[in-house]
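*Asks:* Sharing a structure here in structure tokens format.
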Amino acid sequence: MELLEKIKPLEARFEDLERQLSSPEVLSNPRRIQELGKAHSELRAIIAVGRELRQVTRDLEETRKLLGSSDPDLRQLAEEEHPSLTEKEEELVERLRLLLVPKDPDDDKSTIVEIRSGTGGDEAALFAGDLFRMYSRYAENKGWRVEVVEDHPSEAGGYKEIVFEIEGEGVFSRLKYEGGVHRVQRIPETESQGRIHTSAATVAVLPEAEEVEVDIPASDVRVDRFCSSGPGGQSVNTTYSAIRLTHLPTGLIVSCQDEKSQIKNLEKAMKVLRARLLERKRAEEMAKRGDKRRQMVGTGDRSERIRTYNFPQTRITDHRINFTTHDLRGILDGNLDELIEPLQTEDRLEKMKTL
């Protein structure tokens with residue numbers, strides 16, 4: 001079986017890791033133990049399923065031989081076992097294919113989320129606020145930490161723009177499917193004739209970039225310091241704690257004034273700048289290779305309409321996989337897994353087709 005041939009190098013690697021993990025040199029090096037232990041753990045499930053599949057395949061081959069036996073008892077036994085073994089083999093093949101899907105190297109990274117109100121004026125800003133609350137509630141449910149980097153509230157409520165960081169286990173693996181245009185259909189409170197208005201907000205989801213991934217020479221960045229504005233106590237408008245970074249080669253601008261400390265604001269702003277530069281770099285690489293970015297979920301393309309929130313019908317529709325749920329209130333309260341898990345499944349299925 002071709003799939004079993006694919007995992008032979010992985011089996012050799014797994015056995016080598018087991019040898020290394022029992023060697024005195026590795027046992028005396030905690031950092032090395034952690035590195036090898038992680039690699040060993042990632043391979044363990046693949047090897048276990050692969051070995052089980054190999055055994056079932058052998059059993060199935062023996063059973064098929066017995067189907068042509070002249071002994072009626074052996075033939076009957078084979079006829080009874082053949083369907084269940086065939087079903088088991090098919091199940092294990094699917095499980096192994098799923099396990100062999102390459103893991104996104106960004107999945108375990110912290111994430112920068114940017115929400116901007118789009119068409120719809122005040123109603124779009126209110127919807128941007130709803131989305132921020134939805135992601136904040138979802139993060140709270142998952143035990144993740146949310147930190148606002150930059151926000152521009154709207155006078156009517158909500159946000160013209162808000163940028164925030166989410167830290168926690170597997171953040172990007174789940175939120176990477178949220179990038180794109182989110183559209184809302186509802187009756188605004190100021191609408192006297194009960195007409196439904198359509199507005200939108202754009203969401204960008206960026207994996208946090210390490211310094212080694214994006215090198216930013218100091219000469220490429222202009223740093224401006226200014227007084228904070230908005231709520232924040234006595235330090236507002238009295239200390240130059242707010243930071244604005246301008247990346248001179250690209251013209252990208254990042255501001256941060258959420259912290260009272262200038263150093264912390266600078267650190268946060270640099271995180272966002274690195275993430276945006278990494279996104280730009282990868283988009284350029286994909287364009288050169290001719291990748292079809294919009295074929296699968298999670299492209300992060302801000303011009304791509306991905307989801308509609310219809311309040312009168314309490315309905316949310318994800319247009320990428322034609323998935324609809326009527327639990328609009330639950331989703332907005334942070335129960336996002338109902339939308340994210342079908343997207344993850346579809347993503348895996350698409351990747352499995354390439355194996």
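*Asks:* Going by what's in this entry, would Tyr159 be described as among the hydroxyl-bearing types (Ser, Thr, Tyr), touching a helix residue (DSSP H, G or I) at 6+ places or on another chain (Cβ under 8 Å) and under 30 Å from Leu10 (Cβ atoms)? Step through it out loud before you land on a result.
*Replies:* On the way: among the hydroxyl-bearing types (Ser, Thr, Tyr): yes; touching a helix residue (DSSP H, G or I) at 6+ places or on another chain (Cβ under 8 Å): yes; under 30 Å from Leu10 (Cβ atoms): no.
No, not satisfied.
*Asks:* A follow-up question, please. From the list Glu35, Glu89, which residue is farther than 30 Å from Ala139 by Cβ and either not small (Gly, Ala, Ser) or not in a loop (DSSP other than H, G, I, E, B) (or both)? Please lay out each step first, then the result.
*Replies:* On the way: Glu35 fails: farther than 30 Å from Ala139 by Cβ.
Sole residue among the options that is farther than 30 Å from Ala139 by Cβ and either not small (Gly, Ala, Ser) or not in a loop (DSSP other than H, G, I, E, B) (or both): Glu89.
*Asks:* I need the full set of residues from region 58-79 which are over 26 Å from Leu4 (Cα atoms) and in a helix (DSSP H, G or I), in order please.
*Replies:* Pro72, Asp73, Leu74, Arg75, Gln76, Leu77
*Asks:* Restricting attention to region 186-212, report how many residues are surrounded by fewer than 16 Cβ atoms within 10 Å (Cβ to Cβ) and at negative phi.
*Replies:* Number satisfying all stated conditions: 13.
*Asks:* Of all residues in region 254-284, how many are under 12 Å from Arg244 (Cβ atoms) and over 22 Å from the mean Cα position of the chain (by Cα)?
*Replies:* 7
*Asks:* What tally of residues in region 114-129 results from selecting those that are surrounded by fewer than 16 Cβ atoms within 10 Å (Cβ to Cβ) and either part of a helix (DSSP H, G or I) or at positive phi (or both)?
*Replies:* 1
*Asks:* Are any residues in region 93-113 under 12 Å from Leu206 (Cα atoms) and outside any strand (DSSP E or B), and if so, which ones?
*Replies:* Asp106, Asp107, Lys109, Ser110 - these are the residues of region 93-113 that are under 12 Å from Leu206 (Cα atoms) and outside any strand (DSSP E or B).
*Asks:* Do we have Val149 as surrounded by 15 or more Cβ atoms within 10 Å (Cβ to Cβ), in contact with a Cys (Cβ under 7 Å, 6 or more places away or on another chain) and not acidic (Asp, Glu) here? Break it down into steps so the answer makes sense when it comes.
*Replies:* Working: surrounded by 15 or more Cβ atoms within 10 Å (Cβ to Cβ): yes; in contact with a Cys (Cβ under 7 Å, 6 or more places away or on another chain): yes; not acidic (Asp, Glu): yes.
Yes: the conditions hold for Val149.
*Asks:* In region 288-309, is there at least one residue being within 20 Å of Ser173 (Cβ to Cβ), part of a strand (DSSP E or B) and modelled with pLDDT of 85 or more?
*Replies:* Yes, the conditions are met somewhere in region 288-309.
*Asks:* For region 161-180, does any single residue satisfy the condition of being within 27 Å of Ala48 (Cβ to Cβ), surrounded by fewer than 17 Cβ atoms within 10 Å (Cβ to Cβ) and not assigned by TED's automatic domain parsing to the domain that holds Arg51?
*Replies:* yes
*Asks:* Where in region 141-193 are there strands (runs of 3 or more DSSP E), lying fully within it, with 1 or more residues that are free of Cβ contacts under 8 Å to residues at least 40 places away in the same chain and not hydroxyl-bearing (Ser, Thr, Tyr)?
*Replies:* Counting at least 1 such residues, we get 145-153.
*Asks:* Could you give me the residue pairs with C-beta distances under 6 Å whose first residue belongs to region 31-54 and is outside the structural domain of Leu17 (by TED's automatic domain parsing), whose second residue is assigned to a helix (DSSP H, G or I) and surrounded by 13 or more Cβ atoms within 10 Å (Cβ to Cβ) wherever it lies, and which are 6+ apart or on separate chains?
*Replies:* As it stands, the answer is none, since no pair meets every condition given.
The values are calculated or read from the model by the stated rules, or taken from the named source; none is laboratory data. Source: prediction; values computed, not measured. Ideal geometry is used to build each Cβ from the backbone, glycine not excepted, and the neighbour counts take in all protein chains shown.
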